[in-house]
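Beneath this line is the structure, given in structure tokens, with notes to follow.
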Amino acid sequence: MTKQNQTYSKEEKLKAKKLIDELFITGKSVSKYPLRLVYIEVNDQDAPPLQTGVSVSKRHFKKAVDRNYYKRLLRECYRKNKTLILDHVDQKFAMMLFYQTKDRLTYQEVEYKMKALFEKFVRQHQQTTPESDNKTI
């Protein structure tokens with residue numbers, strides 16, 4: 001894994017309101033408690049392979065400091081482990097990661113769950129795509 005693969009550049013951040021709205025209307029979901037991934041396939045040629053946003057519920061964490069901490073944690077885990085998706089999927093995706101618990105998990109626990117979530121996403125996507133040239137995990 002090179003340093004190039006472990007960046008979270010401006011282009012990779014999901015910011016377009018139109019794309020976010022489409023994500024919530026037509027997106028598919030994969031869950032691995034306490035994380036949830038909502039995604040759609042993007043057909044734009046200029047888009048990066050993955051565009052990702054993160055969200056932490058105000059219902060579970062009243063203080064912005066706590067929400068921001070878990071958003072940073074999700075972004076860092078995504079940055080370090082996104083190659084699990086990029087190495088196995090050829091399509092482009094827009095996705096949103098949600099932290100869905102009141103439990104205050106450690107970085108190691110969140111990273112472990114995110115790896116499992118990404119592996120589940122790849123398996124689910126490979127089952128739905130008919131091409132057999134996708135690499136297996």
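Only the coordinates and a few stated rules stand behind these numbers; no lab work does. Values in this document were obtained by computation on a predicted structure and should not be read as measured data. Backbone-built Cβ (ideal geometry, glycine too); neighbour counts: all protein chains shown.
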For Kirkwood radius over Cα pairs in Å, calculated from these coordinates, the label among (1) 14.8; (2) 15.5; (3) 26.6: (2)
Ordering of 119-125, 103-109 by packing [mean C-beta count within 10 Å, highest first]: 119-125, 103-109
Relative contact order (%) - region 15-124, alpha-carbon pairs under 8 angstrom, separation at least six: 40
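In region 1-99, which chymotrypsin sites (Phe, Trp or Tyr not before Pro) are in a loop and have at most 15 other Cβ atoms within 10 Å, using DSSP for the loop call?
Passing both the DSSP loop test and the Cβ count: 8.
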Set of aspartates and glutamates with alpha-carbon distance to residue 92 below 12 Å, sequence-local pairs under 8 removed: 12, 41, 44, 46
